Amino acid sequence: MGNRVCELFGVRYPIVMGGISQLPELAAVVSDAGGLGCIAGATAPPKLLHERIRRYKELSDRPFAVNFPIVLTPEKDIEPKMQMMIDEQVPVVITSAGNPKLWTKFLQDGGCKVAHVLPTLYHAKKAVEAGVDAIIAEPAESGGYRGEHEVSMMVLIPAIRRAFPDVPVVAAGAVADGAGFAAVMALGAEGLQVGTRFIATVEANAPDHVQKLILAANDISTMSAEGRVKPRISKPDFAMEVLGERKQTQMGQVAALIDSIDPIADVMRELIEGGLATARRVHEELEELAGAEEAIAG
Ligand SMILES: Cc1cc2nc3c(=O)[nH]c(=O)nc-3n(C[C@H](O)[C@H](O)[C@H](O)COP(=O)(O)O)c2cc1C
């Protein structure tokens, strides 16, 4: 059986760019490298978002996504933006931080695929009831909007996969390399949404302080932000040490595993080829263990 995320989104690799950038140029690089590029669509006025979608289409003919954290999208803009998704035949709309019942059917009736980002099994049930095409599961470690919940990747992915085997699950975050990609696939995800690792790339050209914080971070450098959607952010004391000011920058725990700013194509290659190498190594180790067991039993 083929990978359901690749089939659904029409991409070579089931690697989805998170809603980390409004720039069509970055989305096009990810799509041209075989993943699903994404334009963050919540905050730009509708006219500007429209221009960005048009620009993307000049740059790439590959499928792409537009991302909307629903509660962060100004209310007056939501309806025109959703209509724009249909008018522009945006292949994939990713909704997050809000009720998936509101727009899923409207978008699907207009020809878009819809994936919803969510942090718990409870929210997964709501999304499945709303009829989403895919679930993007955002665990505690990720740089995204986890709400008040802190469910780990190790529990969230298998729990959702077991409960809803018919809906493809994309793991969001906590991955910077092939070992992480192989791990989320082993848990039952069929794809990966990448945030922080794509910010730390040449093409993302992130502000200096963001790059510095990601490169300097260790496993305890981030925390959950206060407020409604609770993204993960750099700890003020850590930012003070690195930058000399208490900046709060949104980033995942996985920043601890990122040591260099690399081209997007290299990050993609590491995820896919490194993932395969990891899976082979684990396969061999487990095979040897199983062989040892047979020897004992026999
Ligand atoms: C700076 C930044 C901005 C983000 N903005 C959005 C957003 O607008 N919409 C959204 O659904 N997720 C957003 N996210 C979450 C990402 O889409 C993605 O799910 C998350 O970063 C994955 O975790 P990782 O950073 O560990 O890879 C953002 C993440 C970061 C780091």
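Every read-out reported here was derived from the displayed coordinates using simple, explicitly stated rules and does not represent laboratory data. Since the model is a prediction, treat every value here as computed from it, not as a measurement. Using ideal geometry, Cβ is built from the backbone for each residue, glycine included, and neighbour counts are taken over all protein chains shown.
Annotation: Cα Rg of segment 10-297 relative to the compact-globule expectation 2.2 N^0.38 Å equals 1.00. Using the Cβ-Cβ distance between ASP219 and HIS283 with R0 set to 25 Å, the FRET efficiency from 1/(1 + (r/R0)^6) comes to roughly 0.35. Across segment 43-66, the residues whose backbone nitrogen lies under 18 Å from the label position 7 Å along the beta-carbon direction of LYS76 are 43-50. Selection among PHE238, ILE94, ALA176 by position relative to the dipole of segment 10-297 gives ILE94 as farthest towards the positive end (Cβ unit charges, Cα centre).
For the chain, a simple Cβ point-charge model (Lys and Arg +1, Asp and Glu -1, everything else neutral) yields a dipole of about 1040 debye relative to the Cα centre.
Think of segment 10-297 as having a plus end and a minus end, set by charges on the Cβ of Lys, Arg, Asp and Glu; of VAL117, THR104, PRO207, THR104 sits farthest toward the positive end of this dipole.
Under 13 Å from a label point set 7 Å out along the Cα-to-Cβ vector of ASP32, the amide N atoms of segment 44-61 belong to 56-61. Only Cα pairs under 8 Å and 6+ residues apart enter the sum, and on that basis the relative contact order of the chain stands at 15 percent.
For segment 85-99, 3J(HN,Hα) computed residue by residue from phi via the Karplus equation (6.51, -1.76, 1.60; θ = phi - 60°) reads 4, 6, 4, 8, 6, 5, x, 9, 10, 10, 9, 8, 6, x, 7 Hz, glycine and proline entered as x. By the rule of a C-alpha distance below 20 Å, with chain neighbours fewer than 8 residues away ignored, the aspartates and glutamates paired with LYS125 are ASP133, GLU138, GLU148, GLU150, ASP166, GLU190. Relative to one another, the C-alpha centroids of segment 174-231 and segment 96-163 are positioned 18 Å apart. What residue among GLN22, LEU156, MET82 has its Cα farthest toward the positive end of the dipole of the chain, where the charges are +1 on Lys, Arg and -1 on Asp, Glu, each on the Cβ? Toward the positive end, the furthest listed residue is MET82.
Sort out the exposed loop GluC sites (Glu not before Pro) in the chain (DSSP loop, at most 12 other Cβ within 10 Å) and tell me the longest stretch that has none. Between the exposed loop sites, the longest stretch runs 1-147. Placing a label point 7 Å from the Cα of SER152 along the Cα-to-Cβ direction, none of the residues of segment 273-290 has a backbone N under 12 Å of that point. A Förster radius of 35 Å combined with the Cβ-Cβ distance from ASN205 to ARG162 puts the calculated FRET efficiency at roughly 0.30. For segment 28-37, 3J(HN,Hα) computed residue by residue from phi via the Karplus equation (6.51, -1.76, 1.60; θ = phi - 60°) reads 5, 5, 5, 5, 5, 7, x, x, 10, x Hz, glycine and proline entered as x.
For segment 141-209, applying the loop criterion from DSSP together with a ceiling of 10 other beta carbons within 10 Å to the chymotrypsin sites (Phe, Trp or Tyr not before Pro) yields no site.
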